[in-house]
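Down below is the structure, laid out as structure tokens.
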Amino acid sequence: MIAKIVPTSTVLVSQPGILCDSMHIMLKSLPPIEVVEIASGCLSASKLLNKEALQLMVLDATLPEEEVLELLDRVKKNYPRVPVLTLAMTTKHRETLVAAGADSVILRNSSAQLFIDAIQQTILSQCVQ
């Protein structure tokens, strides 16, 4: 269970489809999460960074890799307090994303419980900083 903390404004960056819909439903079911927006790509997510006071980004790294890496770089340089939980396709991809600044990376084929646990850990790690 996620600890009772202040609401966490979240953007979900994922291509439209069943995975995006499933992640959105799971995020909405977690007490502190407020899904501000769903961005269908990295450009849309970049525009949201300028408009919203985001506290968490969930990034599906199946988007074009160059765009994902650029978005991670932009978030870490300009919004270092916004943690990014990223979903990777492979272990090698996960290593690339961690090196690029992702705060937490899980494999895309992980269980729903692991996804929820990763969100909890990502949020809690920001609270103690």
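The values are calculated or read from the model by the stated rules, or taken from the named source; none is laboratory data. The structure presented is a predicted model; accordingly, all values stated were derived computationally and were not measured. Methodologically, a virtual Cβ is constructed for each residue, glycine included, from the backbone with ideal geometry; neighbour enumeration extends over all protein chains shown.
Residues of the range 11-60 that are β-branched (Val, Ile, Thr), farther than 26 Å from GLU95 by Cα and surrounded by fewer than 16 Cβ atoms within 10 Å (Cβ to Cβ): ILE25 alone.
In summary, GLU66 fulfils each of the numbered conditions (1) of a type in the set (Asp, Glu); (2) in contact with a strand residue (DSSP E or B) (Cβ under 9 Å, 6 or more places away or on another chain); (3) at pLDDT 90 or above with the single exception of condition (2). Take the conditions over 20 Å from SER40 (Cβ atoms) and surrounded by 16 or more Cβ atoms within 10 Å (Cβ to Cβ) and apply them to THR90. Does it pass? So THR90 fails the test.
Kindly indicate whether any position in the range 61-71 is farther than 20 Å from LYS28 by Cα, loosely packed, with under 13 Cβ neighbours inside 10 Å and not hydrophobic (A, V, I, L, M, F, W, C). The answer is yes, given that some residue of the range 61-71 is farther than 20 Å from LYS28 by Cα, loosely packed, with under 13 Cβ neighbours inside 10 Å and not hydrophobic (A, V, I, L, M, F, W, C). Restricting attention to the range 33-86, the residues that are closer than 16 Å to THR8 by Cα and β-branched (Val, Ile, Thr) total 7.
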